[in-house]
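Read the structure below first, then the notes.
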Amino acid sequence: MNKEKIALEVEEERQKQNQFLTYHNLPKSFAHIQANVLYNETAVLRENYNLEKAKKEEEAAIQKILIEKQDSKDFYRWKREMEENDKIKQLEEVSKRKINVELLKENCLENRQKKLIENKVMMTALKEEVICFNLLIYIRK
């Protein structure tokens, strides 16, 4: 604790010795005084060149922004068209599938009817054979 007090006192002494009067060392500010400068022809031409250059850069930046906006409009238009085309294709696929399902259903029904008719014809033929066979057996007895 005693060492800390001594260290603080020594530090304060050093700070007092190292303080300088800064207001004598600051340079005078001339920012508020207007300078009377006469421009010669080259200075005027240089100033005009810088102004024209800045104007061209600004116009180029504006043109770039307009082109980017136009590009985004074209992109969104193209995207919308592609989405519409995809929807149309999807609807066409769905309608094709529905038609195919209906055709397959009709084919299945027709085939079933044909099979039933074939089965009936087979059954009648088998019944006739059985009757004929029974007749033959009856006649032989």
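Computed from the coordinates by the stated procedures, all read-outs in this text should not be read as laboratory data. Because the structure is a prediction, the values reported are computed rather than measured. Virtual Cβ from ideal backbone geometry, glycine too; neighbours counted across all protein chains shown.
What base-10 log of the normalised intensity I(q)/I(0) is obtained for segment 42-113 from the Debye formula, alpha carbons as equal point scatterers, at q = 0.14, 0.23 Å⁻¹?
-0.72, -0.97
Given charges of +1 on the Cβ of Lys and Arg and -1 on the Cβ of Asp and Glu, with all other atoms neutral, how large is the dipole of the chain about its Cα centre, in debye to the nearest 20? Write down the numbers at each step before the final one.
On the way: 28 positive and 26 negative charges, 277 e Å.
So the dipole magnitude of the chain works out to roughly 1340 debye.
Please turn the phi angles of segment 87-103 into ³J(HN,Hα) values with the Karplus equation 6.51 cos²θ - 1.76 cosθ + 1.60 (θ = phi - 60°), one per residue in order, whole Hz, x for glycine and proline.
4, 4, 4, 5, 4, 4, 4, 5, 5, 4, 5, 4, 5, 4, 5, 5, 4
So if R0 is 41 Å, what FRET efficiency would L135 and E102 give, r being the distance between their Cβ atoms, rounded to the nearest 0.05? Display every interim value, and only then the final one.
On the way: r = 49 Å, r/R0 = 1.21.
Result of the calculation: an efficiency of 0.25.
Calculate, in nm to one decimal, what K3 and F30 gain on full extension: separation in residues at 0.36 nm each, minus their alpha carbon distance. Display every interim value, and only then the final one.
Values: separation 27, 0.36 × 27 = 9.72 nm, distance 5.05 nm.
Result for the pair: 4.7 nm of gain on full extension.
Quick one: 3J(HN,Hα) in Hz for segment 67-82, Karplus 6.51/-1.76/1.60 with θ = phi - 60°, rounded, Gly and Pro as x.
The phi angles translate into 5, 5, 5, 5, 4, 5, 4, 4, 4, 5, 5, 4, 4, 4, 4, 5 Hz.
Using θ = phi - 60° and the Karplus curve 6.51 cos²θ - 1.76 cosθ + 1.60, what whole-Hz ³J(HN,Hα) does each residue of segment 49-61 get, with Gly and Pro shown as x?
Listing the rounded values in order: 4, 5, 5, 5, 4, 5, 5, 5, 5, 5, 5, 5, 5 Hz.
Counting Lys and Arg as +1 and Asp and Glu as -1, what is the net charge of the other residues whose Cβ lies under 13 Å from the Cβ of E12? Please list the in-between numbers first.
Numbers: positive: K5, R14, K16; negative: E4, E9, E11, E13.
Charge balance in the 13 Å sphere: -1.
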